[in-house]
Amino acid sequence: MTDSNPQFRIGNGYDIHRLVPKRPLIIGGVLLEHPDGLGLEGHSDADVLVHAVMDALLGALALGDIGKYFPPDDPQWEGSNSMILLERVMSLLYERGWSVSNIDAVVVAERPKLKPHIDLMRKNLAEKIGLDFDSVGVKATTNEGLGPEGSEEGISCQAVVLLKKS
Ligand code: MG
(Lines give C-alpha, C1' and ligand atoms only; values in the text may rest on other atoms or scores of the structure.)
Protein backbone atom coordinates (compact mmCIF):
# COMPACT_ATOMS: atom_id res chain seq x y z
CA MET A 1 0.00 0.00 0.00
CA THR A 2 1.27 3.49 -0.82
CA ASP A 3 1.69 6.00 1.98
CA SER A 4 -0.09 9.09 0.65
CA ASN A 5 1.32 11.33 3.38
CA PRO A 6 4.97 10.45 3.90
CA GLN A 7 6.93 12.34 6.54
CA PHE A 8 10.30 11.77 4.91
CA ARG A 9 11.67 11.91 1.39
CA ILE A 10 15.13 10.96 0.14
CA GLY A 11 16.96 12.49 -2.80
CA ASN A 12 20.23 11.99 -4.61
CA GLY A 13 22.22 14.29 -6.87
CA TYR A 14 25.28 14.01 -9.08
CA ASP A 15 27.29 16.59 -10.98
CA ILE A 16 30.60 16.88 -12.82
CA HIS A 17 32.37 19.91 -14.27
CA ARG A 18 35.39 20.14 -16.53
CA LEU A 19 38.68 21.54 -15.17
CA VAL A 20 39.94 24.31 -17.46
CA PRO A 21 42.37 27.25 -17.30
CA LYS A 22 41.21 30.79 -16.57
CA ARG A 23 38.24 29.82 -14.43
CA PRO A 24 37.77 30.07 -10.65
CA LEU A 25 37.68 26.86 -8.63
CA ILE A 26 34.71 27.23 -6.29
CA ILE A 27 33.48 24.23 -4.29
CA GLY A 28 30.90 24.53 -1.54
CA GLY A 29 31.15 28.31 -1.78
CA VAL A 30 34.89 28.21 -1.06
CA LEU A 31 37.34 29.71 -3.56
CA LEU A 32 40.20 27.22 -3.88
CA GLU A 33 43.55 27.26 -5.59
CA HIS A 34 44.44 24.46 -8.00
CA PRO A 35 48.22 23.82 -8.28
CA ASP A 36 48.01 24.23 -12.09
CA GLY A 37 45.70 27.24 -11.85
CA LEU A 38 42.69 25.31 -13.17
CA GLY A 39 39.05 26.04 -12.37
CA LEU A 40 35.65 24.60 -13.18
CA GLU A 41 33.95 25.35 -16.47
CA GLY A 42 30.27 26.14 -16.47
CA HIS A 43 27.54 28.65 -17.15
CA SER A 44 27.22 29.58 -13.48
CA ASP A 45 30.16 29.58 -11.06
CA ALA A 46 30.20 25.76 -11.64
CA ASP A 47 30.14 24.92 -7.93
CA VAL A 48 29.89 21.17 -8.38
CA LEU A 49 29.10 20.46 -4.72
CA VAL A 50 26.25 22.95 -4.50
CA HIS A 51 24.88 21.69 -7.82
CA ALA A 52 24.81 18.07 -6.64
CA VAL A 53 23.11 19.14 -3.39
CA MET A 54 20.49 21.17 -5.28
CA ASP A 55 19.71 18.22 -7.55
CA ALA A 56 19.35 15.99 -4.49
CA LEU A 57 16.97 18.49 -2.85
CA LEU A 58 14.86 18.81 -6.00
CA GLY A 59 15.01 15.06 -6.61
CA ALA A 60 13.66 14.29 -3.13
CA LEU A 61 10.41 16.03 -4.12
CA ALA A 62 10.54 14.82 -7.74
CA LEU A 63 10.72 18.45 -8.88
CA GLY A 64 13.17 17.76 -11.69
CA ASP A 65 16.74 19.06 -11.83
CA ILE A 66 18.52 22.40 -11.69
CA GLY A 67 18.61 22.64 -15.49
CA LYS A 68 14.82 23.04 -15.35
CA TYR A 69 14.97 26.00 -12.96
CA PHE A 70 18.23 27.62 -14.10
CA PRO A 71 18.60 26.72 -17.82
CA PRO A 72 22.21 26.99 -19.05
CA ASP A 73 21.03 28.92 -22.14
CA ASP A 74 19.36 31.60 -20.00
CA PRO A 75 21.73 34.62 -19.73
CA GLN A 76 20.10 35.46 -16.38
CA TRP A 77 22.12 32.70 -14.70
CA GLU A 78 25.47 33.42 -16.35
CA GLY A 79 28.22 33.52 -13.75
CA SER A 80 25.65 32.96 -10.98
CA ASN A 81 26.75 32.38 -7.43
CA SER A 82 25.40 28.86 -6.86
CA MET A 83 24.69 29.70 -3.22
CA ILE A 84 22.04 32.16 -4.47
CA LEU A 85 20.56 29.41 -6.65
CA LEU A 86 20.50 27.17 -3.56
CA GLU A 87 18.43 29.81 -1.75
CA ARG A 88 15.88 29.59 -4.54
CA VAL A 89 15.78 25.80 -4.35
CA MET A 90 15.25 26.04 -0.58
CA SER A 91 12.24 28.31 -1.10
CA LEU A 92 10.70 25.69 -3.40
CA LEU A 93 11.01 23.21 -0.51
CA TYR A 94 9.68 25.59 2.14
CA GLU A 95 6.69 26.52 -0.07
CA ARG A 96 5.77 22.84 -0.09
CA GLY A 97 6.16 22.42 3.65
CA TRP A 98 9.44 20.51 3.68
CA SER A 99 12.75 21.10 5.42
CA VAL A 100 16.04 19.24 5.35
CA SER A 101 16.95 16.64 7.95
CA ASN A 102 20.53 16.01 6.84
CA ILE A 103 22.86 16.02 3.88
CA ASP A 104 25.81 13.87 2.93
CA ALA A 105 28.05 14.58 -0.03
CA VAL A 106 31.32 13.35 -1.49
CA VAL A 107 33.50 15.42 -3.80
CA VAL A 108 35.81 13.45 -6.12
CA ALA A 109 38.91 15.47 -6.96
CA GLU A 110 42.53 14.51 -7.47
CA ARG A 111 43.82 17.98 -6.55
CA PRO A 112 43.88 20.33 -4.72
CA LYS A 113 43.66 18.87 -1.22
CA LEU A 114 40.13 19.60 -0.06
CA LYS A 115 40.42 18.44 3.54
CA PRO A 116 41.52 21.82 4.99
CA HIS A 117 38.44 23.46 3.43
CA ILE A 118 35.78 20.87 4.21
CA ASP A 119 34.51 22.50 7.40
CA LEU A 120 34.03 25.85 5.68
CA MET A 121 32.06 24.11 2.89
CA ARG A 122 29.89 22.43 5.57
CA LYS A 123 29.35 25.76 7.33
CA ASN A 124 28.37 27.50 4.06
CA LEU A 125 25.86 24.78 3.19
CA ALA A 126 24.48 24.58 6.75
CA GLU A 127 23.79 28.33 6.77
CA LYS A 128 21.96 28.34 3.45
CA ILE A 129 19.96 25.20 4.15
CA GLY A 130 19.05 26.07 7.73
CA LEU A 131 20.83 23.09 9.29
CA ASP A 132 23.16 22.49 12.20
CA PHE A 133 26.78 22.07 11.19
CA ASP A 134 26.59 18.45 12.39
CA SER A 135 23.81 17.66 9.92
CA VAL A 136 25.91 18.49 6.88
CA GLY A 137 28.44 15.87 5.86
CA VAL A 138 30.96 16.69 3.17
CA LYS A 139 33.69 14.23 2.30
CA ALA A 140 36.46 14.36 -0.26
CA THR A 141 38.19 11.54 -2.07
CA THR A 142 40.59 11.20 -4.97
CA ASN A 143 39.77 8.76 -7.75
CA GLU A 144 43.14 7.03 -7.37
CA GLY A 145 44.19 8.42 -10.74
CA LEU A 146 41.32 6.65 -12.50
CA GLY A 147 38.75 8.12 -14.88
CA PRO A 148 38.05 11.80 -15.63
CA GLU A 149 38.53 12.89 -12.02
CA GLY A 150 41.77 10.94 -11.76
CA SER A 151 43.23 12.50 -14.91
CA GLU A 152 42.01 15.93 -13.71
CA GLU A 153 39.72 16.41 -16.67
CA GLY A 154 37.06 17.28 -14.13
CA ILE A 155 35.75 17.25 -10.58
CA SER A 156 32.54 15.44 -9.66
CA CYS A 157 30.26 15.28 -6.66
CA GLN A 158 27.53 13.02 -5.35
CA ALA A 159 25.03 14.04 -2.67
CA VAL A 160 22.12 12.53 -0.78
CA VAL A 161 19.58 14.40 1.31
CA LEU A 162 16.76 13.48 3.65
CA LEU A 163 13.77 15.83 3.82
CA LYS A 164 11.21 15.93 6.61
CA LYS A 165 7.74 17.39 6.64
CA SER A 166 8.05 20.63 8.60
MG1 MG B 1 26.58 21.66 -12.62
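Here Phe8 passes the criteria (1) of a type in the set (Phe, Trp, Tyr); (2) more than 15 Å from the ligand (Cβ to nearest atom); (3) under 13 Å from the mean Cα position of the chain (by Cα) except the one numbered (3).
Residues in segment 87-119 that are under 20 Å from Asp55 (Cα atoms) and without any contact (Cβ under 8 Å) to a residue 12 or more places away in the chain: Ser91, Glu95.
Close Cβ contacts (under 8 Å, 6 or more residues apart or on different chains) running from residues in segment 47-69 that are closer than 24 Å to Arg23 by Cβ to residues that are surrounded by fewer than 21 Cβ atoms within 10 Å (Cβ to Cβ) and acidic (Asp, Glu) comprise Asp55/Asp65.
Restricting the search to helices (runs of 4 or more DSSP H) fully inside segment 54-148 and requiring at least 1 residues that are out of contact with any Asp or Glu (no Cβ under 9 Å at 6 or more places or on another chain), open to solvent by 80 Å² or more (accessible area, probe 1.4 Å) and more than 30 Å from Gly37 (Cβ to Cβ) gives 66-69, 82-95.
Yes/no matrix, rows are residues, columns are (1) among the aliphatic types (A, V, I, L, M); (2) more than 14 Å from the chain's Cα centre (by Cα); (3) more than 16 Å from the ligand (Cβ to nearest atom):
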position	(1), (2), (3)
Lys22	no, yes, yes
Asp36	no, yes, yes
Leu58	yes, no, no
Gly64	no, yes, no
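Would you mind stating whether Arg18 is within 16 Å of the ligand (Cβ to nearest atom), over 15 Å from Ile103 (Cβ atoms), touching a residue at least 24 places away in the same chain (Cβ under 8 Å) and basic (Lys, Arg)?
Yes: the conditions hold for Arg18.
Each row is one residue, and each column tells you yes or no for (1) at positive phi; (2) open to solvent by less than 30 Å² (accessible area, probe 1.4 Å); (3) at pLDDT below 95.
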residue: Gly11; (1), (2), (3): no, yes, no
residue: Arg18; (1), (2), (3): no, no, no
residue: Pro21; (1), (2), (3): no, no, no
residue: Gly29; (1), (2), (3): yes, no, no
residue: Glu33; (1), (2), (3): no, no, no
residue: Leu38; (1), (2), (3): no, no, no
residue: Val48; (1), (2), (3): no, yes, no
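The values are calculated or read from the model by the stated rules, or taken from the named source; none is laboratory data. Computed from a predicted structure; not experimentally measured. Reconstructed Cβ throughout: ideal geometry from the backbone, glycine too, with neighbour counts over all protein chains shown. Accessible surface is based on the protein model in full, side chains and every heavy atom, while ligands, DNA and RNA are left aside. Shrake-Rupley method; radii C 1.70, N 1.55, O 1.52, S 1.80 Å.
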